[in-house]
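Down below is the structure, laid out as structure tokens.
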């Protein structure tokens, strides 16, 4: 943890932070609403779900894996939460059910990867489709809307001016950063990603470590699904489609190596912020929503190319 | 018995062929209207569009280095919109428009290839970024300023634009005979008979060894990503012609299905391993599955679910059998 100043400036987190600051300055100078309380609140609430999911995704990618099923899992836990909400179950039950739904699918993903020895991209690609079909079946082609207000405090409530969902995200990020840096299982996650053979020989329980990261990702995404319902009050059949790409973009922008072994949760949070701030600023600038993808895509490339130039051709 | 069993496990082609035959028999016996000349020829047209994309994924994944192309669906969409707007709104000659559209696809694939091979950025990141960019461009192209700021589909094509997607020759869809089959044959020649195939498998299975034996890794990768753009463009043209409409959301989610089929067809996601025959069988199995389920009255939403089950199931079974064989 004791790195010199030079090291910090060479880090990916610095590039991303710099981009965020530059964009924030541009948006506050060019629009009146960017710095308004309502806008910043809105920005943070929208970010919370992505940031929470990115915690798990960061760990999965550090082990050298990937989870493209998170969008479907988010949709599924939203459906479960939404249905229970409409049936007026207590909030604690709904919270438990949303997380359990995510955990169930995450555990299933993890088992297939860890015990079935099937490549993660195949497992989660398959599950992406399977879960989406189950979700359609459960919803029966209808929407859930008009969710009772009891739950909406998670989505819209605030404490000390910061949305509650963002507080939860920050606490989770702090905890899991500590976990990843200082707990044996956390270190094992890096070890698996760096050199799986070496990790095995030095006594790391590979199956348990791999199972853990996918199950945890499922749980966190399940919780993000609840936040989604609480925030929007609507669940549709296509809820969460494309969410996986947003989370992966955040993690990759944050400097986690897709080859495994390298990355931080704080980096992913910054990545999520970068994507969120771009989306937000473009809406304020009245840039047609159509070009949003253009800008996000270009930024992913620019930030990576900056790194490539710095590393002088080293593969990232 | 033991040797037959081993062969099935080891030979992906045989495994897929048996899976195909089992599905074929089940649907022929159990589903009314499946085993008719009309249905059997008609369903092949649906396989073409996904099939071209699956072949694109095959080439890219074979080239290794984390090779994958998430942008095929977006490239397809942008090509469809370019062709649609040029013909339907600008009133350009259809043949010229199609050529421009396909050149656009080549260009997009080439950009992916340059970023992957010369700038050495990982394919997942490059194509994730270009997925966003091309999709966004397709939406922008689809805006018709005469009708406000929203993207709109184009549907006013001249009659002669429909030949590729809707005409038949001897009962067989035009695009199967004159696009899909030639593409398969050309790729087969390239991969199996031509030096390029050896380069490609070499680069995919051991990049360093390929480099030391004088193969230009960058050039091989540039070529496959460009080809992926070309194949996606062909697919975009065919879909537009078949459904007689160019829509800005037409290729949504196709990338995942295409990757699924390539992997089902036995392409190793780590590169260097996989055959064109396997992928074509994968396309056939999925086409059969979609068609059979549709005729059996199973809701369309289960198409994707069954695709997922087949993918995970087939790889899982393979692993299980391989593991058992070791004892």
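The values are calculated or read from the model by the stated rules, or taken from the named source; none is laboratory data. Bear in mind that the values here come from a model prediction, so they are computed numbers and not experimental data. Quick reminder, even Gly has a Cβ in these numbers, built from the backbone with ideal geometry, and neighbours come from all protein chains shown.
Counting only residues that are in contact with a helix residue (DSSP H, G or I) (Cβ under 6 Å, 6 or more places away or on another chain), farther than 18 Å from residue B:246 by Cβ and modelled with pLDDT under 85, segment B:144-173 holds 3 of them.
Go through (1) under 18 Å from the mean Cα position of the chain (by Cα); (2) free of Cβ contacts under 8 Å to residues at least 24 places away in the same chain; (3) crowded, with 20+ Cβ neighbours inside 10 Å one by one and return the number of the condition residue A:188 breaks. For residue A:188, the exception is condition (1). Within segment A:136-153, being more than 9 Å from chain B (Cβ to nearest Cβ), in contact (Cβ under 8 Å) with a residue 40 or more places away in the chain and part of a helix (DSSP H, G or I) holds for A:138, A:139, A:150, A:151, A:152, A:153.
Exactly one residue out of A:79, A:60, A:93, A:113 is more than 22 Å from residue B:304 (Cα to Cα), within 14 Å of chain B (Cβ to nearest Cβ) and part of a helix (DSSP H, G or I): that is A:60. If I filter segment B:212-269 down to residues being farther than 30 Å from residue B:166 by Cα and within 17 Å of the chain's Cα centre (by Cα), which single residue comes out as nearest to the other protein chains (Cβ to nearest Cβ)? This residue is B:269. Each residue in segment B:96-116 was checked for being more than 12 Å from chain A (Cβ to nearest Cβ), over 9 Å from residue B:229 (Cα atoms) and crowded, with 23+ Cβ neighbours inside 10 Å, and 3 of them qualify. Taken as a whole, the condition of being within 14 Å of chain B (Cβ to nearest Cβ), within 19 Å of the chain's Cα centre (by Cα) and surrounded by 14 or more Cβ atoms within 10 Å (Cβ to Cβ) applies to residue A:120.
Of everything listed in (1) crowded, with 22+ Cβ neighbours inside 10 Å; (2) within 12 Å of chain A (Cβ to nearest Cβ); (3) under 14 Å from the mean Cα position of the chain (by Cα), the single unmet condition for residue B:281 is (2). For segment B:55-74, the set of residues classified as assigned to a helix (DSSP H, G or I), farther than 14 Å from residue B:253 by Cβ and more than 12 Å from chain A (Cβ to nearest Cβ) consists of B:55, B:56, B:58, B:59, B:60, B:62, listed by residue number. Answer yes if at least one residue in segment B:158-179 is within 23 Å of residue B:240 (Cα to Cα), in contact (Cβ under 8 Å) with a residue 40 or more places away in the chain, within 14 Å of chain A (Cβ to nearest Cβ) and within 20 Å of the chain's Cα centre (by Cα), and no otherwise. No - not one qualifying residue is present in segment B:158-179.
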